[in-house]
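What follows is a single structure, written as structure tokens, with notes after it.
The values are calculated or read from the model by the stated rules, or taken from the named source; none is laboratory data. Small disclaimer: the values here were computed from a predicted structure and weren't measured. Ideal geometry is used to build each Cβ from the backbone, glycine not excepted, and the neighbour counts take in all protein chains shown. These area figures cover heavy atoms from the full protein model, side chains too; ligands, DNA and RNA do not enter into them. Shrake-Rupley method; radii C 1.70, N 1.55, O 1.52, S 1.80 Å.
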Amino acid sequence: TSFLIHGGWLHLLSNLYFLIVFGDNIEVQQGPLRLIGLLLVSTLAGDLLHLLVLPGSAIPAIGASGGIAGVMLAYATLFPRAQLGILVFYFPRRIPIWLYLALWLMAQ
């Protein structure tokens, strides 16, 4: 259920954004059933990691971050030379997917 519960509209919309940006390419290459399976396994792995890192935590695991992380990692694995456009102080820049993943992981 953590995949379906979010901390607000911005949390939900940002997860949907990442799912659209990365998930559509995976769906085209691997098919919709594999994408759904990837989301399920990644979400469960993220929830398990939360339980292992913070056992007995009163803070619940909410959101689809585990599933989105799995989709992003699969995208980086399938398209290792991909570059993503980002804004740095209002200037567009292109960075490698692996650098983007590292920055996203640090933000998490």
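Would you mind stating whether H11 is in contact (Cβ under 8 Å) with a residue 12 or more places away in the chain and either out of contact with any helix residue (DSSP H, G or I) (no Cβ under 8 Å at 6 or more places or on another chain) or in a helix (DSSP H, G or I) (or both)?
Details: in contact (Cβ under 8 Å) with a residue 12 or more places away in the chain: yes; either out of contact with any helix residue (DSSP H, G or I) (no Cβ under 8 Å at 6 or more places or on another chain) or in a helix (DSSP H, G or I) (or both): yes.
Spelling it out, H11 is indeed in contact (Cβ under 8 Å) with a residue 12 or more places away in the chain and either out of contact with any helix residue (DSSP H, G or I) (no Cβ under 8 Å at 6 or more places or on another chain) or in a helix (DSSP H, G or I) (or both).
With respect to the numbered conditions (1) open to solvent by 100 Å² or more (accessible area, probe 1.4 Å); (2) within 18 Å of L105 (Cα to Cα); (3) assigned to a helix (DSSP H, G or I); (4) not β-branched (V, I, T), which one is the sole condition not fulfilled by L16?
Unmet for L16, out of (1) open to solvent by 100 Å² or more (accessible area, probe 1.4 Å); (2) within 18 Å of L105 (Cα to Cα); (3) assigned to a helix (DSSP H, G or I); (4) not β-branched (V, I, T): (1).
Which of the residues that make up the stretch 67-86 are within 17 Å of E27 (Cα to Cα) and in contact with a Pro (Cβ under 8 Å, 6 or more places away or on another chain)? Break it down stepwise before answering.
Here is the first cut: in the stretch 67-86, the ones within 17 Å of E27 (Cα to Cα) are 67-80, 82.
A82, the sole residue that qualifies.
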